[in-house]
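The values are calculated or read from the model by the stated rules, or taken from the named source; none is laboratory data. Worth saying up front: this structure is predicted, and the values here are computed from it rather than measured. Cβ sites come from the backbone with ideal geometry, for glycine too, and all protein chains shown count toward neighbours.
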2 protein chains.
Amino acid sequence: MRVAILAHEKFPDGAKTAVGVIRYGDQDVVAVLDREAAGTTVDEHLPDVDCDAPVVERAADAPEFDALLIGIAPIGGGFEESWRPDVRHAIESGADVVAGLHYFLNDDEELSELAAEHGVELHDVRNPPDDLTVADGVARDLDCEIVLTVGTDCSTGKMTTALEIVDAAREAGLDAGFIPTGQTGIMIAGWGIPIDRTISDFTNGAVERMLRQKADEHDYLVVEGQGSLFHPAYSAVTCGILHGAMADSLVLCHDPGRETIGGYESFPIPDPAEAVDLYETVGSAIAPTRVVGGAVNTYGMEADAAAETVEAYGEAIGVPATDPVRYGADDIVSEL
Amino acid sequence: MRVAILAHEKFPDGAKTAVGVIRYGDQDVVAVLDREAAGTTVDEHLPDVDCDAPVVERAADAPEFDALLIGIAPIGGGFEESWRPDVRHAIESGADVVAGLHYFLNDDEELSELAAEHGVELHDVRNPPDDLTVADGVARDLDCEIVLTVGTDCSTGKMTTALEIVDAAREAGLDAGFIPTGQTGIMIAGWGIPIDRTISDFTNGAVERMLRQKADEHDYLVVEGQGSLFHPAYSAVTCGILHGAMADSLVLCHDPGRETIGGYESFPIPDPAEAVDLYETVGSAIAPTRVVGGAVNTYGMEADAAAETVEAYGEAIGVPATDPVRYGADDIVSEL
């Protein structure tokens with residue numbers, strides 16, 4: 001599928017979704033829309049990716065594409081009116097539009113009418129299916145190994161680590177699939193359920209449903225975790241994923257530069273060894289699980305400092321550790 | 001407020017909500033509607049309650065009332081068409097209607113039009129407010145003691161125990177309030193948020209909102225727990241309540257007659273001492289908490305067996321225990 005990715009004024013540093021799709025998605029990225037960076041190419045901004053697609057000012061300047069992805073998420077999750085001409089152009093040229101906004105494109109009268117008229121789909125990936133149910137408690141019986149990324153906080157690299165594990169597993173000749181649980185992961189994978197938007201009674205069940213759907217297709221399923229059991233607001237989501245997935249193996253993701261939970265300054269980041277204990281204890285209350293590896297974010301560190309940080313982290317939690325973005329995830333895959 | 005309670009063909013044993021409102025609610029129950037038990041009085045069925053209201057065949061036979069409560073919940077949560085004449089009569093006589101069904105009365109065209117015409121409200125208590133938000137993480141800072149009932153499974157008496165603690169606390173001269181989290185608790189209290197129907201990201205926040213709303217009115221707030229951390233389907237809800245409430249004290253509810261999780265026969269009921277450890281560990285990951293008492297269900301046992309069961313349970317978990325329905329909750333209140 002050929003995609004154009006809208007990332008106006010934010011590419012690449014403020015466009016997590018766009019960069020995630022370029023780096024990990026199977027889609028063919030034909031253009032990025034950013035009116036400030038127009039005239040450059042993607043690999044000028046992301047030297048480590050193999051993508052020389054143009055950055056263009058507007059959808060009309062892009063090569064032909066099958067879907068327009070909204071690759072940025074403004075605070076509040078609203079739809080920026082300045083994007084409308086690009087979305088309109090995409091629809092009128094027969095392309096679907098995929099968005100992870102709180103504002104649903106399908107609720108926008110002009111866009112939904114235009115989409116109907118042109119026979120294209122508007123995918124609001126933050127809108128979970130309306131036929132979710134409670135879990136049956138069967139994930140542990142599925143005929144595949146399940147791996148789940150967990151964390152000491154939100155935004156500690158759980159999605160990236162899961163995707164790097166899938167990549168490393170495939171390179172090692174293993175048949176691994178990615179189970180997305182958040183809007184960026186869903187846009188990268190092209191399918192999935194936004195677990196943080198499900199009805200709380202169905203949270204475990206929504207994770208279980210995705211695993212059942214993919215268990216026959218792969219030997220390993222790597223689930224993108226969300227939140228943290230140490231998070232005062234998001235722990236329900238984390239617990240639902242932990243128990244819905246019944247993972248054989250957990251990978252603990254940690255940002256060593258942080259001292260308190262993001263946005264909750266009176267709550268300390270837990271000691272990573274304590275986090276290992278809590279995830280293993282809570283997970284094993286439903287199905288036996290253990291932490292087999294650690295992922296740590298060394299972004300911005302010099303090479304020596306990064307290597308020391310990874311080593312110290314591995315010693316602290318007693319299992320192999322890596323920075324999957326810097327070093328890959330081979331050391332974790334070899335533990336599976 | 002004068003209420004009539006609809007419980008056709010189910011009063012009292014199949015009408016948990018009706019009995020809960022009669023036993024614990026502040027409402028003035030003027031009639032129960034049960035076409036099979038018509039001609040009797042409430043206290044003929046529930047000898048321990050002080051309520052001689054008539055059981056009548058239809059709403060038209062009841063004394064004047066301000067609200068009709070649907071006091072039964074059929075499997076599936078649907079609306080039985082045989083109730084429609086009673087609901088219609090209630091609306092036409094100017095009474096509100098309160099229901100905890102999955103089927104929302106407000107979505108019923110005839111009933112919602114009739115309600116608008118007569119200026120009465122239809123309250124669907126399973127429908128959470130649409131302006132919920134993530135938790136701010138402040139429940140531990142509220143100027144009151146918070147108590148939460150937790151359990152080794154669903155349906156182990158968490159609502160009843162919370163209500164009995166509130167009653168015993170008030171009798172001991174303490175100012176205690178009840179925080180309802182499920183449809184029956186909400187119908188008893190006349191307010192509340194159905195925590196199992198919230199969006200998962202807002203689960204912790206919905207509990208926190210209720211506590212903030214009531215913290216200035218009471219010295220003790222007793223939160224009705226839901227589900228179990230050992231439940232493969234409902235643990236997300238349980239974790240959200242545990243962390244949203246940040247309770248100072250927990251009370252562990254247990255049914256000694258059960259060996260496996262209800263409806264999940266391959267998952268054993270945890271050892272109660274193990275459950276104490278898990279709830280204290282998980283709760284304290286956010287705010288320090290401890291189990292101060294236990295509630296055990298001895299329904300149907302002879303007096304001797306009940307006393308032995310309570311004693312053995314207290315010894316197993318290392319804190320005072322009771323069957324709050326049989327013996328009251330004074331022993332728990334004295335620990336607060």
Next on the checklist: For the stretch B:1-14, give me each residue that is buried (at least 19 other Cβ atoms within 10 Å of the Cβ) and closer than 20 Å to B:Asp66 by Cβ.
Outcome noted: B:Val3, B:Ala4, B:Ile5, B:Leu6, B:Ala7
Checklist entry - Taking the stretch B:291-320 as the search range and keeping residues that are among the hydroxyl-bearing types (Ser, Thr, Tyr) and at pLDDT 95 or above, which one is nearest to B:Leu250 (Cα to Cα)? => result B:Tyr313
Checklist entry - For the stretch B:159-178, does any single residue satisfy the condition of being within 12 Å of the chain's Cα centre (by Cα) and of a type in the set (Gly, Ala, Ser)? => result yes
Checklist entry - What about A:Gly177, is it away from chain B (no Cβ under 14 Å) and modelled with pLDDT under 95? => result no
Item to check | Members of the stretch B:171-195 that are in contact with a strand residue (DSSP E or B) (Cβ under 9 Å, 6 or more places away or on another chain) and either assigned to a strand (DSSP E or B) or under 19 Å from B:Ala247 (Cα atoms) (or both) | outcome: B:Leu174, B:Asp175, B:Ala176, B:Gly177, B:Phe178, B:Ile179, B:Pro180, B:Thr181, B:Gly185, B:Gly192
Item to check | Which listed residue is closer than 16 Å to A:Phe11 by Cα and either part of a loop (DSSP other than H, G, I, E, B) or of a type outside the set (Ser, Thr, Tyr) (or both), from A:Leu69, A:Leu101 | outcome: A:Leu69
Checklist entry - From the set of residues in the stretch B:148-170 that are touching an Asp or Glu at 6+ places or on another chain (Cβ under 7 Å), not polar (S, T, N, Q) and not in a loop (DSSP other than H, G, I, E, B), which is nearest to B:Thr298 (Cα to Cα)? => result B:Lys158
Next on the checklist: Can you go through B:Glu280, B:Glu311, B:Glu315, B:Glu274 and tell me which one is assigned to a helix (DSSP H, G or I), closer than 12 Å to B:Val150 by Cα and among the acidic types (Asp, Glu)?
Outcome noted: B:Glu280
Item to check | Residue that is nearest to the other protein chains (Cβ to nearest Cβ) [pool: residues in the stretch A:185-195 that are touching a helix residue (DSSP H, G or I) at 6+ places or on another chain (Cβ under 7 Å) and among the aliphatic types (A, V, I, L, M)] | outcome: A:Ile195
Checklist outcome for this item: Subset of the stretch B:10-66, residues part of a strand (DSSP E or B) and within 23 Å of B:Glu81 (Cα to Cα), comes to B:Ala31, B:Val32, B:Leu33, B:Val55, B:Val56
Checklist entry - From the residues in the stretch A:252-272 that are over 19 Å from A:Ile317 (Cα atoms) and among the small types (Gly, Ala, Ser), which one is nearest to the chain's Cα centre (by Cα)? => result A:Gly262
Checklist entry - Out of (1) in contact with a Ser or Thr (Cβ under 9 Å, 6 or more places away or on another chain); (2) assigned to a loop (DSSP other than H, G, I, E, B); (3) not aromatic (Phe, Trp, Tyr), the odd one out for B:Val292 is which? => result (2)
Checklist entry - If a residue has to be without any contact (Cβ under 8 Å) to a residue 12 or more places away in the chain and either more than 9 Å from every other protein chain (Cβ to nearest Cβ) or in contact with a Phe, Trp or Tyr (Cβ under 8 Å, 6 or more places away or on another chain) (or both) to count, how many in the stretch A:275-284 make the cut? => result 1
Item to check | Subset of the stretch A:232-274 that is in contact with a strand residue (DSSP E or B) (Cβ under 6 Å, 6 or more places away or on another chain) and at the interface with chain B (Cβ under 10 Å from one of its Cβ atoms) - its residue that is nearest to B:Val134 (Cα to Cα) | outcome: A:Pro232
Item to check | Yes/no for B:Val251 being among the β-branched types (Val, Ile, Thr) and over 22 Å from B:Tyr299 (Cα atoms) | outcome: no
Checklist outcome for this item: In the stretch B:196-225, anything closer than 20 Å to A:Phe230 by Cα and either among the polar types (S, T, N, Q) or facing another protein chain (nearest Cβ under 7 Å) (or both) is listed as B:Ile199, B:Ser200, B:Asp201, B:Thr203, B:Asn204, B:Gly205
Checklist entry - Do we have any residue at all in the stretch A:288-300 that's of a type in the set (D, E, K, R), in the same structural domain as A:Ala169 (by TED's automatic domain parsing) and within 22 Å of A:His231 (Cβ to Cβ)? => result yes
Item to check | Residue among B:Val55, B:Val87, B:Val49 that alone is crowded, with 18+ Cβ neighbours inside 10 Å and closer than 29 Å to B:Thr161 by Cα | outcome: B:Val55
Item to check | Conditions (1) within 14 Å of chain B (Cβ to nearest Cβ); (2) of a type in the set (Asp, Glu); (3) in contact (Cβ under 8 Å) with a residue 40 or more places away in the chain; number of the one not met by A:Glu80 | outcome: (1)
